[in-house]
Amino acid sequence: MPPLTQSAPAKPVEIVIPDCCNVGIMVKSLLFVNGVVLIVMLINAGSVYTGLLGFVEASMLVELASLSSLLALCGLRRLIKTIPPWGQRIACGLVPAAITGLIIHYLLNDDWTMISLSRLSALEGVVCAALFGMVLQHYFELRTRAFSPALAEARLQALQARIRPHFLFNSLNAVLSLIRTEPKRAETTLEDMADLFRVLMRDAREITTLGNEIRIGMQYLSIEKVRLGERLQVKWDMDDVSGDVLKKAKTPALLLQPLLENAVHYGVEPSQQNAVITIAISRVRDRIEIVMTNPFHADVLSTGNHMALDNIRERLMLLYDVEAQLTTTVAQGWFELRLHFPYQKADS
């Protein structure tokens, strides 16, 4: 009997349908479609007034077909399990075409249909909708692929910044100083370092949970606590977020730890006295908010700080478009960072 061989796990299907539930993608799609329609109306009209009037009349069909197509593709994207990428690309043309054809058919059979709509045949509407769908799908797919090299570069830069020799050597020296006096704490610190470096080698495009990100952040701070002692004071405020949200909220991997490292490096290390880092995490309706504060030192160069924050902004833009935001302010000797992104549940 031939030996049984274990089959390799199936490769996950690449999703090339744009996330049409995303507000940023919806707005960009609507602006593109309306802009093209407006230009065509103005070119074909005898005057600007006539062109604008025709666009206003045609907007009923344009908005209805566009929004219906976006919602349909939004639902289709969430149902995709085995559709290959080429099938998804075709669907991005067929779905708007079918919806637009149905809308034109029923609108043109009504007596109250506007005159400008009656000039558009069902075939013309279907072809235009299919072209719009395929052009937008191609644009968003190319946009995603264009960001990938930037993400890879951002990951390399972030790794080079995080796994700095001084952090590794200083942490090891701190552990060595504990081996004889506090062996249990030294062992725990080494375990935290192993977990932290294992996570840092992960792909920055991976998705994890908010709870895992907080755990990694706490492990990082516990390592720095060994090195900095009482100078590093940390206050966590998570009263406004439930344990269920921590377990289920999807979060980009390596999101919180780099922010904590910036706070330690630029807020605590230059300080000659105890410095407090405050991290407040909450869920506000359909989004997660993180507010982090640390002492600000005007004499400390923060070029690396801006680089790390820009890398995180790029990742948030790729994953959430305009639905995520990272802002920083300086006031009364404190550096405050505010971050929010959509609350999405991880798959069970």
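At-a-glance table
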{"read-out": "Failed item in (1) surrounded by fewer than 16 Cβ atoms within 10 Å (Cβ to Cβ); (2) at pLDDT 75 or above; (3) of a type in the set (A, V, I, L, M); (4) assigned by TED's automatic domain parsing to the domain that holds E63, with A97 passing the rest", "value": "(1)"}
{"read-out": "Qualifying residue in segment 103-111 (condition: modelled with pLDDT under 85 and under 21 Å from D321 (Cβ atoms))", "value": "no"}
{"read-out": "Qualifying residue in segment 25-34 (condition: of a type in the set (G, A, S) and at pLDDT below 90)", "value": "no"}
{"read-out": "Among (1) modelled with pLDDT of 85 or more; (2) more than 20 Å from G211 (Cβ to Cβ); (3) of a type in the set (A, V, I, L, M) - the single one L309 does not satisfy", "value": "(1)"}
{"read-out": "Any chance G46 is modelled with pLDDT under 85, among the small types (G, A, S) and in the same structural domain as A98 (by TED's automatic domain parsing)", "value": "yes"}
{"read-out": "Any pair with Cβ under 7 angstrom, 6 or more apart, that starts in segment 193-217 at a residue that is at pLDDT below 70 and ends at one that is part of a helix (DSSP H, G or I) and of a type in the set (G, A, S)", "value": "A204/A154; A204/A158"}
{"read-out": "Among residues of segment 165-191, those that are acidic (D, E) and at pLDDT below 80, counted", "value": "1"}
{"read-out": "All positions within segment 265-285 that are touching a residue at least 40 places away in the same chain (Cβ under 8 Å), out of contact with any helix residue (DSSP H, G or I) (no Cβ under 8 Å at 6 or more places or on another chain) and within 14 Å of R231 (Cβ to Cβ)", "value": "G267, V276"}
{"read-out": "Boolean, K225 is free of Cβ contacts under 8 Å to residues at least 40 places away in the same chain, closer than 20 Å to S171 by Cα and in contact with a strand residue (DSSP E or B) (Cβ under 6 Å, 6 or more places away or on another chain)", "value": "yes"}
{"read-out": "Enumeration of residues in segment 57-77 that are out of contact with any helix residue (DSSP H, G or I) (no Cβ under 7 Å at 6 or more places or on another chain), at pLDDT 85 or above and closer than 19 Å to I39 by Cβ", "value": "E63"}
{"read-out": "Residues that are among the β-branched types (V, I, T) and within 16 Å of D286 (Cα to Cα), drawn from segment 319-348", "value": "V322"}
{"read-out": "Pair list, Cβ under 6 Å, 6 or more apart: segment 311-324 residue over 16 Å from R338 (Cβ atoms), other residue part of a helix (DSSP H, G or I) and of a type in the set (G, A, S)", "value": "N311/A154; N311/A158; E314/A150; E314/A154; D321/G24"}
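The values are calculated or read from the model by the stated rules, or taken from the named source; none is laboratory data. This is a predicted model, so every value here is computed, not measured. Don't worry about glycine lacking a Cβ; one is built from the backbone with ideal geometry, like all the others, and counts go over all protein chains shown.
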